[in-house]
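The values are calculated or read from the model by the stated rules, or taken from the named source; none is laboratory data. Not measured: the values here are computed from a predicted model. Quick reminder, even Gly has a Cβ in these numbers, built from the backbone with ideal geometry, and neighbours come from all protein chains shown.
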Amino acid sequence: MKIAESLRDRWELIKVGDPRTLEGAKRALVQRFGDVLRAVAGAREGDPARGRTAAYGPFFEIAVTEPSYPVRLAIAQEMGAGGDAAFEALREKFPLPSRHERPDKDDPWVQYEEAFRHEREEEHRWREECLRKHPDYDKARDAYLDFEKTGARTRGRIWRQFVMRAWLVPMMVGSVGEKHRAQARERLQIWLGHLEPEQSGSHRADLPLYLAHRLGVRNFSMLVSHVRVPPAIEAIMRSPGCRVQAFLAAGHVCSVMGLGEYPELARRFKVPVVVTGFEPLDILEGVRRTVRQLESGEHRVDNAYPRAVRDEGNPAARQMLAEVFEITDRAWRGIGTIPGSGWRLAPAWRAYDAEHRFRVTDVTTEEPAACRSGEVLQGLIKPHECAAFGTTCTPRTPLGATMVSSEGACAAYYLYRRLAHRTDRPEEATPVG
């Protein structure tokens, strides 16, 4: 147990070397770790390991800290094959519902949502505290960014713990003996309860539509508001007074949809389109390539995120999209309706469409008159040029789409203290609320 705990405490420090080599070494170590734990659990009379506790607890905690998906999956497989010893050691990770005032307290999905929400609230409080304590904008930003890194690591651990529990429950059912079989099945039933939300009391299903259909689940609906990027680019470029000179195409979208629709847009509107990732260096590289094209008078599609994006995208995912969805017009907040810019469920899947099932087709939204998010979205103004920015419009009291979303330009400007640019009204440099 001491060796396992020491390895757990040092695991995050194992970073040196080529990533692929390091991942291979970790997976080999994980396999050896699993062999040892099963040997300890199965030790017979006279064996030095007899009576020792198999260290599945520290093994689980290693998985929660490990960033590599293949390594985490290998750990789950080793623990899932641990039988009764693993179940006894990890049983507290899968508590059965007790007679709490809140019957859903031990629901794993509820636990994940509450832990994640609590962490986000802590980060928001800390950001507000930084803004109050540090009149100097750079110091406030640096203090918050340091805390944000810690918050990102914490959110990652919360998610990985949830995923490990989801992986392990069905594995445990298959590996435990008769002694724990019934208990393991009870715990699995909590997770499966999300397939039948009316029975579980959660009043909702946490399933992707495709899986729900395959499983024959009927009390599951989706309110679809998915959008398509190329039609939005075309609408922006055709808008009067358009000032956009280039586009950084979102790498996660292109990893699925590919690059096929972008070359024609780049050629027709004479704008560079550079596919970009999300790490700081990815963004800088995307900006660098964009500037290089602008300076040389080029206008083409450039993939600056080749480790995740291929020209053809993800054919299997695209085939699934083509089966489940069809193209439709979509209303964009602050801009209006853009033809062919959205997805809706195809007729064969209409039984799952909440818009039709619950007759909410007449629901519309309008931006407040003071909100200029549509102009921000089109690059016509900067967020701080809107009179509502930082006063009546903040992340806590958002007026438009660009402040509602944490990825929106207004929310980003607010977070990074771009209120400093409001030289015409310096008394409003401190956010309200």
Run E264 past the list (1) in contact (Cβ under 8 Å) with a residue 12 or more places away in the chain; (2) out of contact with any Asp or Glu (no Cβ under 9 Å at 6 or more places or on another chain); (3) part of a helix (DSSP H, G or I) and report the number of the one that doesn't hold.
-> (1)
Considering A235, A266, which residue is assigned by TED's automatic domain parsing to the domain that holds H299 and modelled with pLDDT of 95 or more?
-> A266
Answer with yes or no whether H213 is out of contact with any Phe, Trp or Tyr (no Cβ under 6 Å at 6 or more places or on another chain) and either in a loop (DSSP other than H, G, I, E, B) or modelled with pLDDT of 85 or more (or both).
-> no
Quick one: would you say G277 is farther than 23 Å from Q378 by Cβ and either out of contact with any Cys (no Cβ under 6 Å at 6 or more places or on another chain) or among the basic types (K, R) (or both)?
-> yes
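Answer yes or no: is there a residue in the stretch 310-331 that is touching a Cys at 6+ places or on another chain (Cβ under 7 Å) and either in contact (Cβ under 8 Å) with a residue 12 or more places away in the chain or not assigned by TED's automatic domain parsing to the domain that holds P272 (or both).
Yes - at least one qualifying residue is present in the stretch 310-331.
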Got a sec? Which of T391, T364 is free of Cβ contacts under 8 Å to residues at least 60 places away in the same chain, surrounded by 14 or more Cβ atoms within 10 Å (Cβ to Cβ) and among the hydroxyl-bearing types (S, T, Y)?
-> T391
When residues of the stretch 394-433 are limited to those that are among the polar types (S, T, N, Q) and modelled with pLDDT of 90 or more, the one surrounded by the most Cβ atoms within 10 Å (Cβ to Cβ) = T402
Is it the case that the stretch 67-77 has a residue that's assigned to a loop (DSSP other than H, G, I, E, B) and at pLDDT 85 or above?
-> yes
Which residue pairs have Cβ atoms closer than 8 Å, lie 6 or more positions apart in sequence or on different chains, and pair a first residue in the stretch 227-248 that is without any contact (Cβ under 8 Å) to a residue 12 or more places away in the chain with a second residue that is in a helix (DSSP H, G or I) and of a type outside the set (K, R)?
-> none
Just give me the residues in the stretch 1-30 being of a type in the set (K, R) and surrounded by 13 or more Cβ atoms within 10 Å (Cβ to Cβ), in sequence order.
-> R8, K26, R27
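Results for (1) at pLDDT 90 or above; (2) among the hydroxyl-bearing types (S, T, Y); (3) not in a helix (DSSP H, G or I), shown as yes or no for each residue.
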site	(1), (2), (3)
G334	no, no, yes
I338	yes, no, yes
S341	yes, yes, yes
V363	no, no, yes
E367	no, no, yes
I381	yes, no, yes
T391	yes, yes, yes
